[in-house]
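A.B. asks: This structure is in structure tokens; I'll ask about it shortly.
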Amino acid sequence: MILKLIFISQIIIYSPLIILIIILYPIIEIKIVKLKNNELGSLSTSTELYLLKKKRKIYKKNQIFLWFTERGAIANSFIFEYRKKQLWLLPGFILYPIQRFFLMFKSTRRHLFQVINFKKKINNKIITKKKIIDESYIDNYNLLTQFPSTIKFTSQQKEIGKNFLASVGIDENKKFVCFGVRTKFFKKETFNSVRNSSITNQLPGINYLIKNGYKAVRMGKDEKKLDLKNFNIFDYGNCENNQDFLDFYISSKCEFFISGDTGLNELATVMRKPKLILDFINFHNVENINHNFCPLILPKKIYSTKKKGFLKYSDIIKNGIDKIDIIENYPDDLKLIDNDQEEILNAIHEMRMLIELKNFDLDNFKKQQKKFWDLNKNYNSVENNNLLISPSFFDKYNYLFTDD
């Protein structure tokens, strides 16, 4: 009741602004958007696509986007400060209640970025509700390949970045990769996300690259520091002198990025670097992966104790298991299996074949996987954006990708 009274009071106070926004339409079409400052992907790729659409004049000339931020921690201060200069950012205590108010009426939802219907179970009844979507990762116009990154480094930052890499044994002519995972440490989560995984499973693949002339930089903060004896691997995420701008600078210089399904891999996208996504299970979300910079993904498997075997991916998709975000919400008989060291090593080898050696029949592999991606499109209503499942994984577990 108190929260409702506060909301009503806010709407009364801001009513002149609300009326002005409504009256100005369609002369000036004002949209209110929330910037999720605690999510790296929102700060980087989502806003990157917005800025590129503006540059390409995809938005109407009379459209104005007013942004506000969430409360809480900032995922990366460098990109946050950078975006503040590129966006019309206003106080959240003004725009947030107005955004909520506009959601209430069909005629005012045009002032929001996007509104979708979603179903929610309340008292054993399925209720359809409205939900505000404040971001998009879908590059329908292939803008990321047409334009360079909107993030530019100053001469001073370039010098700092160059010196930092040199201090860890990576000079300008040395090729290196970035790698990392998602854990519950960064956001201090009390649950286990299906996107979490272990960094140690990546190390054999990283050592393979090192044997072939690479160095490697571990990205992302984690409570688990790597016990490294190989000077060719640098644990940047846990070093004392890391800086937020270096997250982007280092990513901009790597050959390619290896990461779990996390916002961390958006560093690669926004800096236009190829990426391999490991430990993937959210097939309903493939449309948000920018295929131009993510040619390969490596899925997790799901083991059923009832069936005493792995579930087919068709069953995972048909039953909506790929939409479950938290492991604790899985049915008791199902266990999510992370990618093992061999699977990751093979996928990293394929990534090297594709990026460095240019010896990879991408089109042929896509034809082999077409039926599976068509099935996913049929049930999840999403395009696969030319993504390719690691061919070695697809061949080994081919029986899991059939629908018979």
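The values are calculated or read from the model by the stated rules, or taken from the named source; none is laboratory data. Here the structure is a predicted model, which is why all the values come from computation and not from measurement. Glycine gets a Cβ as well: all are built from the backbone with ideal geometry, and neighbour counts include every protein chain shown. In case anyone asks, the SASA skips ligands and DNA or RNA and just uses the protein heavy atoms, side chains included. Shrake-Rupley method; radii C 1.70, N 1.55, O 1.52, S 1.80 Å.
A.B. asks: Percent relative contact order of segment 228-284, based on C-alpha pairs within less than 8 angstrom and at least six residues apart?
C.D. replies: Working: 50 pairs, mean separation 16.0, N = 57.
After rounding, I find 28 percent.
A.B. asks: Using only Cα atoms, locate the centre of segment 1-58 and the centre of segment 238-289, then give the distance between them in Å, rounded to an integer.
C.D. replies: 28 Å
A.B. asks: I need to check one value: relative contact order of the chain, counting alpha carbon pairs closer than 8 Å and at least 6 residues apart, in percent.
C.D. replies: Working: 623 pairs, mean separation 56.1, N = 404.
14 percent.
A.B. asks: Report the charge-dipole magnitude of segment 107-176 in Debye, nearest 20, computed about the Cα centre from +1 at each Lys and Arg Cβ and -1 at each Asp and Glu Cβ. Please report the intermediate quantities before stating the final value.
C.D. replies: Numbers: 14 positive and 6 negative charges, 176 e Å.
About 840 debye.
A.B. asks: Calculate I(q)/I(0) for segment 1-97 by the Debye formula, one identical point scatterer on each C-alpha and no solvent, and give its log10 at q = 0.25 Å⁻¹ to two decimals.
C.D. replies: Treating every Cα as an identical point scatterer, log10 I(q)/I(0) equals -1.27.
A.B. asks: Something else now. Compute the projected area of the convex hull of the Cα atoms of segment 357-404, averaged over all viewing directions, and report it in nm² to one decimal place. Before the final figure, lay out the partial values.
C.D. replies: On the way: hull surface 15.1 nm².
The Cα convex hull of segment 357-404, projected and averaged over all directions, gives 3.8 nm².
A.B. asks: Taking the Cα centre as origin and putting +1 on Lys and Arg beta-carbons and -1 on Asp and Glu beta-carbons, what dipole magnitude results for segment 1-140, to the nearest 20 debye?
C.D. replies: Values: 26 positive and 8 negative charges, 115 e Å.
Dipole size: approximately 540 debye.
A.B. asks: Heavy atoms only, 1.4 Å probe, whole protein assembly: order 284, 349 by accessible area, highest first. Kindly include the intermediate steps, with their values, before the conclusion.
C.D. replies: Numbers: 284 55, 349 75 Å².
Most to least solvent-accessible, the answer reads 349, 284.
A.B. asks: Oh, and also: Show 374, 332 ordered by accessible area, largest first, where the area counts protein heavy atoms only and the probe is 1.4 Å. Intermediate results must be reported in sequence, preceding the final value.
C.D. replies: Details: 374 70, 332 160 Å².
If we order 374, 332 from most to least accessible, we get 332, 374.
A.B. asks: Hey, another quick one. On average, how much accessible surface per residue is there in the chain, in Å², for a 1.4 Å probe, leaving out ligands, DNA and RNA?
C.D. replies: Details: 20630 Å² over 404 residues.
Value for the chain: 51 Å² per residue.
A.B. asks: Given 209, 127, 144, which one lies farthest toward the positive end of the charge dipole of segment 114-214, if we put +1 on the Cβ of every Lys and Arg and -1 on the Cβ of every Asp and Glu?
C.D. replies: Value computed over the given set: 127.
A.B. asks: In addition: How high is the FRET efficiency between residue 325 and residue 200 when r is their beta carbon distance and R₀ equals 25 Å, given to the nearest 0.05?
C.D. replies: Values: r = 24 Å, r/R0 = 0.95.
My answer for the efficiency is 0.60.
A.B. asks: Also, quick follow-up: Can you order the peptides 41-47, 337-343 by their average number of other Cβ atoms within 10 Å per residue, highest first?
C.D. replies: Details: 41-47: 24.1, 337-343: 16.7.
With the highest mean Cβ count within 10 Å placed first, the list reads 41-47, 337-343.
A.B. asks: Test of the criteria: in segment 138-171, which trypsin sites (Lys or Arg not before Pro) are in a DSSP loop and have at most 13 other Cβ atoms within 10 angstrom of their Cβ?
C.D. replies: Of the trypsin sites (Lys or Arg not before Pro), the ones in loops of segment 138-171 whose Cβ has at most 13 other Cβ atoms within 10 Å are 152.
A.B. asks: Right, next: Mind checking which of 299, 232, 347 is farthest towards the positive end of the chain's charge dipole, using Cβ charges of +1 (Lys, Arg) and -1 (Asp, Glu) about the Cα centre?
C.D. replies: Looking along the dipole axis, the top candidate is 299.
A.B. asks: GNM, the chain, Cα, under 10 Å: largest mean-square fluctuation among 107, 259, 314?
C.D. replies: Per the Cα network of the chain with a 10 Å cutoff, 107 tops the list.
A.B. asks: If 147, 80 are ordered by their accessible area, calculated over protein heavy atoms with a 1.4 Å probe, which sequence runs from highest to lowest? Before the final figure, lay out the partial values.
C.D. replies: Numbers: 147 45, 80 20 Å².
Greatest to least solvent exposure: 147, 80.
A.B. asks: What percentage of the solvent-accessible surface of segment 204-359, computed with a 1.4 Å probe over protein heavy atoms, is contributed by carbon and sulfur atoms? It would help to have the intermediate numbers written out before the result.
C.D. replies: Numbers: 2880 of 6310 Å².
Reported share for carbon and sulfur atoms: 46 percent.
A.B. asks: Additional query: If I compute solvent accessible area with a 1.4 Å probe over the protein chains, what percent of it on segment 140-182 is carbon and sulfur?
C.D. replies: On the way: 1070 of 2380 Å².
So the carbon and sulfur contribution to the accessible surface is 45 percent.
A.B. asks: Of 307/335; 211/300; 308/370; 175/215; 308/335; 312/396, which pairs sit farther than 18 Å apart, going by alpha carbon to alpha carbon? Provide the component values of the computation, followed by the final result.
C.D. replies: Numbers: 307/335 12 Å; 211/300 27 Å; 308/370 28 Å; 175/215 7 Å; 308/335 11 Å; 312/396 13 Å.
Those over the limit are 211/300; 308/370.
A.B. asks: Largest first and in whole Å, what are the equivalent-ellipsoid semi-axes of segment 292-397 based on the Cα gyration tensor, each being the root of 5 times an eigenvalue?
C.D. replies: Values: eigenvalues 136, 58, 27 Å².
So the three semi-axes of segment 292-397 are 26, 17, 12 Å.
A.B. asks: Only residues of segment 146-168 count here: report those whose backbone N is under 18 Å from the spot 7 Å along Cα→Cβ of residue 61, or say none.
C.D. replies: In segment 146-168, the label zone of residue 61 (backbone N under 18 Å from the point 7 Å along Cα→Cβ) covers no residue.
A.B. asks: How many nm separate the modelled label positions at residue 284 and residue 12, each set 7 Å beyond the Cα in the direction of the Cβ?
C.D. replies: Distance between the two pseudo-spin positions: 4.1 nm.
A.B. asks: Right, another one. Could you order the peptides 208-216, 166-174 from most to least packed, using the average number of other C-beta atoms within 10 Å per residue?
C.D. replies: Order by mean packing, descending: 208-216, 166-174.
A.B. asks: Over segment 1-127, what percent of the accessible surface lies on carbon and sulfur atoms, probe 1.4 Å? Before the final figure, lay out each step's value.
C.D. replies: Details: 4760 of 7680 Å².
Carbon and sulfur: 62 percent of the exposed surface of segment 1-127.
A.B. asks: Quick one: pull the percentage of alpha-carbon pairs in segment 40-100 with a separation above 13 Å. Each step should come with its number before you reach the end.
C.D. replies: Details: 1226 of 1830 pairs.
Taking all Cα-Cα pairs of segment 40-100, the fraction more than 13 Å apart is 67 percent.
A.B. asks: Amide H of residue 310 versus every other amide H placed in the peptide plane: which residues, excluding those fewer than 5 positions away on the same chain, fall under 5 Å?
C.D. replies: Residues meeting the criterion, in which the H sits 1.01 Å from N, are 304.
A.B. asks: Going highest first, how would you order 315-327, 355-367 by mean Cβ packing within 10 Å? Don't skip to the answer; put the middle values down first.
C.D. replies: Working: 315-327: 16.6, 355-367: 12.6.
Listed from highest to lowest mean packing, they are 315-327, 355-367.
A.B. asks: Only Lys, Arg, Asp and Glu count, each charged at its Cβ (+1, +1, -1, -1), so figure out the dipole size of segment 173-266 about its Cα centre, rounded to 20 debye.
C.D. replies: Roughly 220 debye for segment 173-266.
A.B. asks: Restricting to Cα pairs below 8 Å that are 6+ residues apart, what does the relative contact order work out to for segment 6-126? Please round to a whole percent. Could the numbers behind the result be given before it?
C.D. replies: Values: 120 pairs, mean separation 37.7, N = 121.
Across segment 6-126, relative contact order equals 31 percent.
A.B. asks: Right, something else. At 20 °C and a viscosity of 1.002 mPa s, what translational diffusion coefficient does Stokes-Einstein give for segment 231-326, taking Rh as the Kirkwood radius over Cα pairs? Give it in µm²/s as a whole number. Spell out each step's value before the answer.
C.D. replies: Details: Rh = 15.4 Å.
The calculation lands on 139 µm²/s.
A.B. asks: 5 Å is the cut-off here: which amide hydrogens, built 1.01 Å from N in the peptide plane, fall below it relative to residue 37, excluding neighbours closer than 5 in sequence?
C.D. replies: It is 70, by chain and number.
A.B. asks: What label, among (1) 44, 26, 23; (2) 37, 23, 22; (3) 37, 28, 20, belongs to semi-axes √(5λ) of the Cα gyration tensor in Å computed from the structure on display?
C.D. replies: Here semi-axes √(5λ) of the Cα gyration tensor in Å agrees with entry (3).
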